[in-house]
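Okay, so here's the structure we're looking at.
The values are calculated or read from the model by the stated rules, or taken from the named source; none is laboratory data. Being a predicted model, the structure only gives us computed values, none of them experimental. Cβ: placed from backbone, ideal geometry, glycine included. Neighbour counts: every protein chain shown.
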Amino acid sequence: MSEKKNILITDRFSQDAQLTLESQPFLTVRRSHVPHLKDVDLAGVNALIIRSRTQIDRDVLTRAKNLQVIVTATSGFDHIDLEACAEWGITVMYTPRANIESAAQLTWSLVLSCANKVQQAHREIKAGSWAREMLVGTELSRKTYGIVGLGRIGSRVAEIAEAFGMNVIAFDPYQDDGVFREVGAERVAYEEILKQADVLSYHVPKTKETHYMLNRSHFEYIHRGGILVNTSRGTVIKEQDLVEALDNGWIGAVGLDVFEKEPLPRNSKLMNFSNVVLTPHLGANTAEAFAKASEQAALKVIRFFVDASTEDTLPPKAAWYGATPPWQD
């Protein structure tokens, strides 16, 4: 390759993956000290490697006149204006398989914390209390686990649920029956999964179709006393309606890793409930997931410039992307 390509990394990135890029003689690699690109010179940049804190909009693309490819080292992509990238002829890729284990593990961390009241027990002990009689948990064996979104992460969560001896049901109109059989999940309608699940978790992307797909109209008939977990995107659940459901005692416990507004405001009413476990968007925040996402992003950039090969391009070539939501038919 006669001309060197300039790579800009704008956020956290593993040192090993950076060395992988720097080992290629046709690449020049530099780092930005801040994730945003407001004051960054983009004129000579041929490739951007980003994470979710870097917003790609029309302003960025206007200033990056030599940009050919963007790779986000994340499984989400709502921080990128894909329509604008298509207009500019820029290839966009992501790393959807890097955080499967990490996100599934966090989901189960929240489920178990809710089931055994771990967070409440921790607070009681630190306060000098030994109120065991107030901390009665629930066994998950023989209970029903409901999964909304039977993709990469949802399928892994289902496998773990089966190991706990749970009955697994799932809602995902975009997966064929073979996927359900493979993970041992029964296919049910959206309304039915809400009614039947003792534990309910969401594993869907952020789209117009998944916006507030759990709201007041659903909470009124959701399985009473169940556990609700969301490690997907904050806008999947309407938080105001969730607070009302908690006030009414309709839900036994809630585990949330994502929120409508992040960071979660200090005055959020979700802070007021002892049966709500909150984590600061940790779904992909393991050392292993970080390393895998970084390395996969590096290899995608290298292959793109070596032979124009691409994989995991955006927007996703999937039936769910841009489809009419079946739960709103």
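Kindly evaluate residue 235 against the criterion of being over 25 Å from residue 139 (Cα atoms) and in contact with a strand residue (DSSP E or B) (Cβ under 7 Å, 6 or more places away or on another chain). So residue 235 does not fit the description; no. If I ask for residues that are of a type in the set (A, V, I, L, M, F, W, C) and either crowded, with 21+ Cβ neighbours inside 10 Å or in contact with a strand residue (DSSP E or B) (Cβ under 6 Å, 6 or more places away or on another chain) (or both), which ones from the range 4-21 would you list? Of everything in the range 4-21, those that are of a type in the set (A, V, I, L, M, F, W, C) and either crowded, with 21+ Cβ neighbours inside 10 Å or in contact with a strand residue (DSSP E or B) (Cβ under 6 Å, 6 or more places away or on another chain) (or both) turn out to be 7, 8, 9, 13, 17, 21. Being of a type in the set (A, V, I, L, M, F, W, C) and modelled with pLDDT of 95 or more is the requirement here; does residue 131 meet it? For residue 131, the condition - of a type in the set (A, V, I, L, M, F, W, C) and modelled with pLDDT of 95 or more - is not met.
For residues in the range 209-222 being part of a loop (DSSP other than H, G, I, E, B) and within 24 Å of the chain's Cα centre (by Cα), which is nearest to residue 275 (Cα to Cα)? Among those residues, the one meeting the criterion is 222.
Only one entry in 318, 253 is under 30 Å from residue 10 (Cβ atoms) and either surrounded by 14 or more Cβ atoms within 10 Å (Cβ to Cβ) or of a type outside the set (Lys, Arg) (or both), namely 318.
Scanning the range 198-234 for residues that are farther than 27 Å from residue 321 by Cβ, crowded, with 19+ Cβ neighbours inside 10 Å and at pLDDT below 95 yields nothing.
Take the conditions (1) without any contact (Cβ under 8 Å) to a residue 40 or more places away in the chain; (2) surrounded by 20 or more Cβ atoms within 10 Å (Cβ to Cβ); residue 96 misses just one of them, which is (1). Looking only at the range 269-315, which residues are touching a residue at least 24 places away in the same chain (Cβ under 8 Å), part of a loop (DSSP other than H, G, I, E, B) and within 30 Å of residue 22 (Cα to Cα)? Once the filter is applied, which keeps residues that are touching a residue at least 24 places away in the same chain (Cβ under 8 Å), part of a loop (DSSP other than H, G, I, E, B) and within 30 Å of residue 22 (Cα to Cα), the range 269-315 yields 282, 283, 284, 285, 286, 310, 311, 312, 314, 315. Against the numbered list (1) touching a Lys or Arg at 6+ places or on another chain (Cβ under 8 Å); (2) in a loop (DSSP other than H, G, I, E, B); (3) of a type outside the set (A, V, I, L, M), residue 6 comes up short only at (2).
Given the structure, is residue 206 among the basic types (Lys, Arg), outside any helix (DSSP H, G or I) and either over 24 Å from residue 158 (Cβ atoms) or in contact (Cβ under 8 Å) with a residue 12 or more places away in the chain (or both)? For residue 206, the condition - among the basic types (Lys, Arg), outside any helix (DSSP H, G or I) and either over 24 Å from residue 158 (Cβ atoms) or in contact (Cβ under 8 Å) with a residue 12 or more places away in the chain (or both) - is met. Restricted to the range 289-308, and to residues there that are out of contact with any helix residue (DSSP H, G or I) (no Cβ under 7 Å at 6 or more places or on another chain) and not aliphatic (A, V, I, L, M), the residue that is nearest to residue 13 (Cα to Cα) is 290. In the range 45-72, which residue that is out of contact with any Lys or Arg (no Cβ under 7 Å at 6 or more places or on another chain) and hydroxyl-bearing (Ser, Thr, Tyr) is surrounded by the fewest Cβ atoms within 10 Å (Cβ to Cβ)? Here the answer is 62. For residue 133, the conditions (1) outside any loop (DSSP other than H, G, I, E, B); (2) within 20 Å of residue 103 (Cβ to Cβ) all hold with the exception of (2). Filtering the range 246-259 to residues that are outside any loop (DSSP other than H, G, I, E, B), among the hydrophobic types (A, V, I, L, M, F, W, C) and either over 16 Å from residue 201 (Cβ atoms) or free of Cβ contacts under 8 Å to residues at least 12 places away in the same chain (or both) leaves only 246. The set of residues in the range 163-191 that are more than 18 Å from residue 102 (Cα to Cα) and assigned to a helix (DSSP H, G or I) comprises 177, 178, 179, 180, 181, 182, 183, 190, 191.
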